[in-house]
Amino acid sequence: MTMQLSFSKIENELLPEYRRKIGSAESTEDVKKFYAYTMLDLFRQVFAGKIEPGYDDIALMPDRQPSFVISSGLNDKEDFTFIWNTSDLPNVVSRFTETAVKHYRHLEKNPKKTEAKIRM
């Protein structure tokens, strides 16, 4: 039986603030920004001391499947691929991504909040 690493504890720590930020996003760009910063926090905690991820290492891509992209620089690191393939990290990232995509689509369909902010 193989042991799988779990990062759901980190997910649960980041989730309340992430939901608050995503919920307060006023544009699709805000959603992308909040998503990237949260994923950066997640990866920094997961890979503490082994890998120093950057802001551009993961991005929300709502019109693609999967709806996120991880940079080749990060994907090429052995520590990253090992953790990615032997843990629940892909599932954790997918859950964060799903939340972001839902709100992104909502803002895309209802731009009134964004337009109201611009006019102020």
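Before moving on, here are some points about what is shown:
- Top-ranked residue in the stretch 103-112 [being of a type in the set (Lys, Arg) and loosely packed, with under 13 Cβ neighbours inside 10 Å; ranked as modelled with the highest pLDDT]: Lys109
- Taken over the stretch 73-90, the criterion of being closer than 24 Å to Phe34 by Cβ, assigned to a helix (DSSP H, G or I) and not hydrophobic (A, V, I, L, M, F, W, C) is satisfied by Gly73, Asn75, Pro90.
- Every residue from the stretch 46-60 that is surrounded by 14 or more Cβ atoms within 10 Å (Cβ to Cβ) and either among the hydrophobic types (A, V, I, L, M, F, W, C) or in contact (Cβ under 8 Å) with a residue 24 or more places away in the chain (or both): Val46, Phe47, Ile51, Ile58, Ala59, Leu60
- Contacts under 9 angstrom Cβ, first residue in the stretch 80-93 being in contact (Cβ under 8 Å) with a residue 40 or more places away in the chain, partner crowded, with 16+ Cβ neighbours inside 10 Å and assigned to a strand (DSSP E or B), 6 or more apart: Val93/Ile58; Val93/Phe68; Val93/Ile70
- Lone unmet requirement of (1) over 20 Å from Lys109 (Cα atoms); (2) in contact with a strand residue (DSSP E or B) (Cβ under 8 Å, 6 or more places away or on another chain); (3) in a helix (DSSP H, G or I) for Ala59: (3)
- Subset tally (residues that are among the acidic types (Asp, Glu) and touching a residue at least 40 places away in the same chain (Cβ under 8 Å)) for the stretch 94-110: 1
- Condition met for Arg64 (closer than 20 Å to Leu107 by Cβ and surrounded by fewer than 18 Cβ atoms within 10 Å (Cβ to Cβ)): yes
- Hits in the stretch 45-94 (condition: in contact with a Gly (Cβ under 9 Å, 6 or more places away or on another chain) and of a type in the set (Gly, Ala, Ser)): Gly54, Ser71, Gly73
- Looking across the stretch 16-28 at every residue that is without any contact (Cβ under 8 Å) to a residue 60 or more places away in the chain and in contact with a helix residue (DSSP H, G or I) (Cβ under 9 Å, 6 or more places away or on another chain), the one that is nearest to Leu42 (Cα to Cα) is identified as Glu17.
- Single condition Ser71 does not satisfy, out of (1) in contact (Cβ under 8 Å) with a residue 12 or more places away in the chain; (2) loosely packed, with under 13 Cβ neighbours inside 10 Å; (3) of a type outside the set (D, E, K, R); (4) closer than 16 Å to Pro90 by Cα: (2)
- Pick from the stretch 1-44, criterion assigned to a helix (DSSP H, G or I) and β-branched (Val, Ile, Thr), ranking: surrounded by the fewest Cβ atoms within 10 Å (Cβ to Cβ): Ile10
The values are calculated or read from the model by the stated rules, or taken from the named source; none is laboratory data. If you're wondering where the values come from, they're calculated on a predicted model, not measured in any experiment. Neighbour counts run over all protein chains shown; Cβ positions are idealised from the backbone, glycine included.
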